[in-house]
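Have a look at the structure below, then the notes.
The values are calculated or read from the model by the stated rules, or taken from the named source; none is laboratory data. Worth saying up front: this structure is predicted, and the values here are computed from it rather than measured. Positions of Cβ are backbone-derived with ideal geometry, glycine not excepted, and every protein chain shown enters the neighbour counts. Please note that ligands, DNA and RNA were not included when accessible areas were found on the heavy atoms of the full protein model with its side chains. Shrake-Rupley method; radii C 1.70, N 1.55, O 1.52, S 1.80 Å.
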Amino acid sequence: MCDTFFSPSHRNLHGNTILAKNSDREPNEAQQISRFPAHNRLQKRVQATFIVVDCPEQVHEVILSKPFHMWGAEMGVNEYGVAIGNEAVFTKMKLGKKNNGLTGMDLLRLSLEQSTTAEEALGIIIELLGKYGQDACGGYQDKGMYYSNSFLIADPHSAYVVETAGPFWAYKRIKSFYAISNVLTLGTDFDQIHPEAKDFAYQKSWMKQDVPFDFQGAFSEPIMTFLGRGASRKQQCELQVPVSKSGKFTIQDAFGILRSHRIKDNFEPCQGDMGNICLHAQGLLTPSQTTGSMVAELRENAQSSVWLTGSSAPCLSVFKPFYFGTSTLNTDVFPQASARMDASYWWQWEKIHRKALVDYFSILAFIQPFQQEKENSWMELDRVLTVSKDIKKREELSQGAIENCLQLVKNWEQKGDSSKFTLWPLAYRLYWKWQNRRMKHERD
């Protein structure tokens, strides 16, 4: 499960559009930060996660946060300042489970690679959906995880929400703060809808013809939507936004929303049910956790800044700035993640995260001063570098941020284990013992 939100430029402190997302995936599913430069493909076809699809030769530069084993991405930004986050949504439209379509992550990456505006990205997603469909497994070890998708798309000037149910879609241009989660949100207030969606819903008796057509009411599947708690998390995102005219939204505010829990005081990961934006897995009813987070600041007349954690649990992670045209994320200097504990950033930071599962307050107290100091310092430098054409300094900032975080991991390891014994709920302890065994099994 995931959460994505958009804040328009006019309500933000520095006058730039903000798009942010938490990506919630399976606990052992490492999420890789990747940069793919602009290039010409040798052929006008590309292998997506399950199928080969047609695409233009020219591919734009993209910075992505993606499950290590997938071609597509959970969230990302391209060199033109187009940013997208996607969500799983559960609908009455049944998928064939034949893996002969595109995942939501594939649709996201293909759209970013080809678009120069949010409107173009919207059109590409709709076109690809009609051509290939979305019958594709979105899970990792859960091979039965099939779903439809919704997308929040933004550029420095405009933003759209597009929601799907199998082959059908509806979209709306948005001009104020908007959040999406694992729930359809477009009711009767869409701008456009698939030309056959209404007739299909009428034939199924999902809607009456004598009332305004409600996309959410017609296509939403109630049980999985309820269990996913998406409506609750969407509301939490919206309630944390400044409501006064003088209240300006900031990048730090976006970080704070992504780090938030329903329980404000004395939160523990074992309390991490599906109602939390910063999601902590704890078992059958909460099988996912936040494995990566992004906040993108999209600028009209300067380069965009892409803030990514590249690690689990944003409350325990550090947002680092990344830029286009730099070599910081090249695979020779930024190792790719795999299914096992390796040298990648995600798995190195996961050492701290796994310890925090049983000693949250000690680890949080260790990380928070570093987190606050470094993020504030990097943001000040980011403001200077956005008006500079010095790519080398951008590279140095990103590389230094990665090195600072990895050094913190080393410092923690050298510090030794000083955790206190805590009696956790039995089911929670058994669940994470099982997940750690699965991680070791993948390594072998």
### Query
Would you pick out the residues in segment 367-389 that are out of contact with any Ser or Thr (no Cβ under 7 Å at 6 or more places or on another chain), part of a helix (DSSP H, G or I) and charged (D, E, K, R)?
373, 374, 375, 380, 383
### Task
Just need a number here: residues in segment 386-400 that are surrounded by fewer than 20 Cβ atoms within 10 Å (Cβ to Cβ) and either under 15 Å from residue 324 (Cβ atoms) or touching a residue at least 12 places away in the same chain (Cβ under 8 Å) (or both).
10
### Query
Among (1) in a helix (DSSP H, G or I); (2) in contact with a Gly (Cβ under 9 Å, 6 or more places away or on another chain); (3) under 30 Å from residue 202 (Cβ atoms), where does residue 126 come up short?
(2)
### Query
Does any residue in segment 108-137 that is farther than 17 Å from residue 193 by Cβ and without any contact (Cβ under 8 Å) to a residue 40 or more places away in the chain come within less than 6 Å, Cβ to Cβ, of a residue that is among the hydrophobic types (A, V, I, L, M, F, W, C) and in a strand (DSSP E or B) six or more places away or on a different chain, and which pairs are these?
121/153
### Summary
Conditions (1) open to solvent by 20 Å² or more (accessible area, probe 1.4 Å); (2) under 30 Å from residue 15 (Cβ atoms); (3) modelled with pLDDT of 95 or more; (4) in contact with a helix residue (DSSP H, G or I) (Cβ under 9 Å, 6 or more places away or on another chain) -> residue 382 fails only (1)
### Task
Output the residues belonging to segment 284-303 that are in contact (Cβ under 8 Å) with a residue 40 or more places away in the chain and open to solvent by less than 10 Å² (accessible area, probe 1.4 Å).
289, 290, 291, 292, 293, 294, 295, 296, 297, 298
### Query
Within segment 38-91, how many residues are assigned to a loop (DSSP other than H, G, I, E, B), in contact with a Lys or Arg (Cβ under 8 Å, 6 or more places away or on another chain), touching a residue at least 40 places away in the same chain (Cβ under 8 Å) and under 20 Å from residue 161 (Cβ atoms)?
2
### Task
Kindly indicate whether residue 340 is touching an Asp or Glu at 6+ places or on another chain (Cβ under 8 Å) and more than 27 Å from residue 255 (Cβ to Cβ).
yes
#### Entry: Residue list for segment 281-325, restricted to those being in contact with a Lys or Arg (Cβ under 7 Å, 6 or more places away or on another chain) and at pLDDT below 95
288
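For (1) under 27 Å from the mean Cα position of the chain (by Cα); (2) polar (S, T, N, Q); (3) at pLDDT 90 or above, each residue gets a yes or a no:
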site	(1), (2), (3)
202	no, no, yes
207	no, no, yes
212	no, no, yes
218	yes, no, yes
222	yes, no, yes
239	yes, no, no
253	yes, no, yes
## Note on the structure
Of the residues in segment 361-379, those that are surrounded by 16 or more Cβ atoms within 10 Å (Cβ to Cβ) and over 26 Å from residue 265 (Cα atoms) number 2
### Residues (closer than 15 Å to residue 409 by Cβ, assigned to a helix (DSSP H, G or I) and open to solvent by less than 30 Å² (accessible area, probe 1.4 Å)) located in segment 315-353
316, 345, 346, 347, 349, 350, 352, 353
### Query
Which one is most open to solvent (accessible area, probe 1.4 Å) among residues in segment 148-193 that are farther than 20 Å from residue 76 by Cα, part of a loop (DSSP other than H, G, I, E, B) and touching a Leu at 6+ places or on another chain (Cβ under 8 Å)?
167
### Task
Please indicate, with yes or no, whether at least one residue in segment 350-357 is farther than 24 Å from residue 23 by Cα and either at pLDDT 95 or above or acidic (Asp, Glu) (or both).
no
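Residues checked against (1) out of contact with any helix residue (DSSP H, G or I) (no Cβ under 9 Å at 6 or more places or on another chain); (2) surrounded by 24 or more Cβ atoms within 10 Å (Cβ to Cβ); (3) closer than 19 Å to residue 318 by Cα:
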residue	(1), (2), (3)
13	no, no, no
16	no, no, no
21	no, yes, yes
34	yes, no, yes
40	yes, no, no
49	no, no, no
58	no, no, no
69	yes, no, no
73	no, yes, no
